[in-house]
1. Hey, if you put +1 on the Cβ of every Lys and Arg and -1 on every Asp and Glu Cβ in the stretch 180-228, which of S204, V183, L218 ends up farthest toward the positive end of that dipole?
2. Classify the stretch 64-163: rounded, prolate or oblate, from the alpha-carbon gyration tensor (a ≥ b ≥ c, eigenvalue square roots; a/c under 1.5 rounded; otherwise prolate if a/b is larger than b/c)?
3. How about K105: which lysines have a C-alpha closer than 22 Å to its C-alpha, ignoring those fewer than 8 places off in the same chain?
4. Suppose every Lys and Arg Cβ carries +1 and every Asp and Glu Cβ carries -1, with no other charges. What dipole size does the stretch 5-234 come out with about its Cα centre, to the nearest 20 debye?
5. Taking 7 Å along the Cα-to-C-beta vector as the label spot, tell me the E252-E269 distance in nanometres, rounded to one decimal.
6. Hey, got the dipole for the stretch 239-278? About the Cα centre, +1 on K and R Cβ, -1 on D and E Cβ, debye to the nearest 20?
7. Assign unit charges at the C-beta atoms only (+1 for Lys and Arg, -1 for Asp and Glu), then state the dipole size of the stretch 130-279 relative to its Cα centre in Debye, rounded to the nearest 20.
8. Among 125-135, 75-85, what's the highest-first ranking by average C-beta atoms within 10 angstrom per residue?
Amino acid sequence: MHKSVQDIVNMKKEKKKISVITAYDYTLASMCDKAGIDVMLVGDSAGMVMLGYENTIPVTMDQMCMFTEAVSRARNNALLVADLPFMSYQASIEDAINNSGRLIKSGADAVKLEGGSIMAETISGIVDVGIPVMGHIGLQPQTTMLSQGYKVQGRTRDSAIQLIQDAKELEEAGVFSIALEMVSHEVAQIISETVSIPTIGIGSGINCDGQVLVVQDLLGMYDKIKPKFAKRYMNLSEDIVKSLEDYKSDVESSKFPAEENWFSMDSEELKKLREQIGS
Ligand code: KIV
């Protein structure tokens, strides 16, 4: 049985740190799940690392549903959260509920959306129909990026107060957890101590209740942006490119395929065939 929303909420009470990783495809999601990661997040960062967009703005509901279905086929253990992409929830509560429903039908256990107090009513609407919601404050790539670019949030007293207020209102609206993206570590700590639900940090310091990373960043597979907070555990892209170069060279020098990589006909059948076609 995979982890439930309540299991993740309980981890904060039990003072157990929560590991979250993004996942978008069957193969990598199978490995994340096997590693015992607590939550797999089908993030709209898929638009950048899987589809090559400059940012997350162009991502569609159809794309998010496809990624969510692939990850859901791979998971046995983790909770599965999927992002609502840009403009799938901002225009109306009805949109937000319908699109959350689509992600749940695609295999997600919960949805995540960006925004502070301004999203409280929308979140209540989704939670009221029985769909668990994860909030996301601090840097909000779908909108902060349009006005400010990549910028640490909560560095001044005013912005800290706003973030703390946002977190409280999201909790009241019913979120089961809040992602804190690029929030100063002091403010992330205050928020984590203030709310009773788990905070999941990305670039927000050690005092969050859990941490999330984009899987391609962790594995060293995406070079376009290298955020300071994204710890690389390996340099997989170098190994992959080297293997592909070796393959190309083997093809060019006829080293590949070798006998163990091909299939043979029955020798008698081959003899008859040659006689028949006169070769
Ligand atoms: O889309 C994403 O990957 C995210 C995480 C960075 C939290 O929202």
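1. L218
2. Judged from the Cα gyration tensor, the stretch 64-163 comes out prolate (a/c at least 1.5, a/b above b/c).
3. The qualifying lysines are K3.
4. The calculation lands at about 820 debye.
5. 3.7
6. Approximately 180 debye in magnitude.
7. Roughly 560 debye for the stretch 130-279.
8. For the peptides 125-135, 75-85, the packing ranking is 75-85, 125-135.
Laboratory data are not the source of any read-out in this text; all were calculated from the coordinates shown. On a predicted model such as this, the values are computed, not experimentally measured, just so you know. A quick note on method: Cβ atoms are made from the backbone with ideal geometry, for glycine too, and the neighbour counts reach across all protein chains shown.
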